[in-house]
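K.L.:
Mind looking over this structure? Questions follow.
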Amino acid sequence: MNAKTNALPCRPPRSRWRNLLATAAVLCLSAGVLSAVPAPAAQAAEPVRDAGSIKVFVNKSHPLSPLKYKPADLATVKGTGYSLRKEAAGKLAGLFSGARKAGHRLKVVSAYRSYGQQSSLYSSYVRTYGRAYADSISARPGYSEHQTGLAVDVGQATATCWLEACFGSTPEGRWVAKNAYKYGFIVRYPKGQQQVTGYTYEPWHLRYVGVTLASVLRTRGIPTLEHYYTVGKPSLRGTADLLATDPAGDLWRYPGGTGKLRPRVRIDTTGYNTVQAGFALDWNRDGTLDLLLQLKDGRLLANYGKAGGGFRSPVQVGAGFRGMSLAAGRWVGTHKYPGVVARTAGGTLRYFRNASGKAVSAGTRIATGFAGARLTMADWDRDGRQDLLAIRGGALYVQRGDGAGRFAGAARKVGSRGWNDVAGLTPLRGYAGRGSTGLMAMFKDGRLRYYPYSQARLGSGSTEATGFRNRTVFG
């Protein structure tokens with residue numbers, strides 16, 4: 001990638017949420033994920049996250065895992081001082097040979113770059129241009145295709161056009177665009193796709209994906225790996241996934257479904273460090289999961305999800321929730337839309353109805369005596385009615401709901417040890433496999449522990465991850 005030719009990705013300004021209601025800010029979609037004209041969802045495959053796979057998907061929103069990944073099978077590209085993974089290097093030699101037979105001479109300009117090399121390159125751009133612009137012209141270390149050992153920049157052997165869009169108009173560039181797929185390579189950042197990939201037209205940047213996938217992309221007319229893997233897929237996939245913010249204010253999805261947290265995917269940027277609590281649910285009942293967000297200043301926002309991926313601009317749907325503990329869901333089974341149960345500073349529980357898929361109405365009192373309790377909502381006994389779970393006095397209690405907005409019976413203690421160190425609870429369905437139910441507990445020291453439950457009984461917890469201190473975790 002080249003500083004002169006990379007596009008500015010669609011990244012919203014850091015002040016976006018601070019001025020949300022005053023300026024009607026528009027959220028940009030995460031760079032490199034979505035297209036203005038998305039392909040049908042059925043055409044999108046699940047992104048390959050295995051860093052060792054030749055089909056691994058890496059872009060501004062999909063980092064390598066591990067972040068400092070180094071290929072184990074690097075080989076020198078014949079006749080150069082550059083390296084690629086062994087398979088890619090062999091296929092590149094074949095591509096160069098094919099080009100020579102057609103009367104064209106190509107040269108390697110750049111190939112594998114280590115995490116350290118990419119870090120140095122990125123840091124130099126930060127020093128020269130500032131971080132915001134550096135992000136628009138250079139991949140952060142761990143987010144670069146060059147680090148996979150599968151990406152190579154090529155140019156004319158005569159050096160009349162290197163790392164410039166003009167390469168695409170040369171006889172060599174036209175031959176590469178037409179024939180690269182035969183050797184397992186694709187032009188990774190084609191013309192007219194900068195809104196999808198995050199980079200402008202780079203006819204010199206080739207990515208090895210194997211002959212099979214390269215041929216599929218060619219014959220089906222799929223222009224980018226983003227289209228193949230993510231365009232047409234929603235940002236929020238289901239109730240098995242965990243969401244978490246980071247200190248920079250970005251939002252990440254940790255796919256569930258296998259009983260462990262899989263490598264994260266960034267699904268939105270900027271402002272999530274102002275979030276106190278969040279919920280992934282279909283707030284307006286349109287069939288697509290939304291984000292309901294409680295900000296630290298007490299506002300309640302809805303980020304409505306788009307069926308093609310990403311979110312609309314956030315809309316305020318409530319205010320005055322500062323310092324409260326919230327739980328969200330269909331507390332009243334006859335209501336069409338999910339609502340919010342809030343514990344006030346004085347310990348009163350109030351239910352705020354969402355009557356239209358938009359703003360909540362004034363709250364009605366449910367109960368008192370919940371001072372200091374931390375809440376979540378789940379169908380604990382699998383009877384189709386939502387129940388409240390509350391951490392009170394160092395223990396976990398379940399208060400069954402009757403489906404009509406009231407409690408059914410007295411609270412029952414289901415967990416008695418260590419719960420005073422839990423900062424929040426997230427109910428997950430399907431995290432440990434289809435049909436499974438459980439709670440992800442975030443401890444104050446940053447640990448995440450998963451507690452399965454079935455037949456109204458809580459199972460033993462298992463530590464899933466560490467390092468989440470001072471982050472907001474929800475699902």
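The values are calculated or read from the model by the stated rules, or taken from the named source; none is laboratory data. Quantities reported herein were computed from a predicted structural model and do not represent experimental measurements. Cβ: placed from backbone, ideal geometry, glycine included. Neighbour counts: every protein chain shown. Only protein heavy atoms, including side chains, enter the accessible area calculation; ligands, DNA and RNA are left aside. Shrake-Rupley method; radii C 1.70, N 1.55, O 1.52, S 1.80 Å.
K.L.:
Could you tell me how many of the residues in region 185-199 are open to solvent by less than 40 Å² (accessible area, probe 1.4 Å) and more than 22 Å from P171 (Cβ to Cβ)? Explain how you work it out, then say what you get.
P.N.:
Filtering region 185-199 for residues open to solvent by less than 40 Å² (accessible area, probe 1.4 Å) gives 185-190, 193, 196-199.
Going one step further and asking which of them are more than 22 Å from P171 (Cβ to Cβ), we end up with 193, 196-199.
Residues meeting the conditions: 5.
K.L.:
Hey, which of the strands (runs of 3 or more DSSP E) in region 355-401, taking only ones fully inside, have at least 2 residues that are open to solvent by 60 Å² or more (accessible area, probe 1.4 Å) and touching a Lys or Arg at 6+ places or on another chain (Cβ under 7 Å)?
P.N.:
364-367
K.L.:
Residue by residue through region 205-233, note down the ones that are free of Cβ contacts under 8 Å to residues at least 60 places away in the same chain and assigned to a loop (DSSP other than H, G, I, E, B).
P.N.:
G221, P223, T224
K.L.:
Going by the conditions given, is T128 of a type in the set (V, I, T), in a helix (DSSP H, G or I), open to solvent by 30 Å² or more (accessible area, probe 1.4 Å) and modelled with pLDDT under 95?
P.N.:
When the stated conditions are applied, T128 passes them.
K.L.:
Within region 108-125, which residues are open to solvent by 70 Å² or more (accessible area, probe 1.4 Å) and either of a type in the set (S, T, Y) or more than 19 Å from L74 (Cα to Cα) (or both)?
P.N.:
S120
K.L.:
Related question: So if I check each of G249, G287, G271, G210, which one is open to solvent by 10 Å² or more (accessible area, probe 1.4 Å) and either in contact with a His (Cβ under 6 Å, 6 or more places away or on another chain) or on the phi > 0 side of the Ramachandran plot (or both)?
P.N.:
Checking each option against the conditions leaves just G287.
K.L.:
Only one of (1) within 22 Å of D50 (Cα to Cα); (2) touching a helix residue (DSSP H, G or I) at 6+ places or on another chain (Cβ under 6 Å); (3) in contact (Cβ under 8 Å) with a residue 40 or more places away in the chain is not met by G149, so which one is it?
P.N.:
Just one mismatch for G149, condition (2).
K.L.:
If we keep just the residues of region 443-466 that are part of a loop (DSSP other than H, G, I, E, B) and open to solvent by 50 Å² or more (accessible area, probe 1.4 Å), which is farthest from S416 (Cα to Cα)?
P.N.:
Ranking the qualifying residues of region 443-466, first place goes to T466.
K.L.:
May I ask you to list the residues in region 423-436 that are assigned to a strand (DSSP E or B) and either among the small types (G, A, S) or surrounded by fewer than 21 Cβ atoms within 10 Å (Cβ to Cβ) (or both)?
P.N.:
A423, G424, R429
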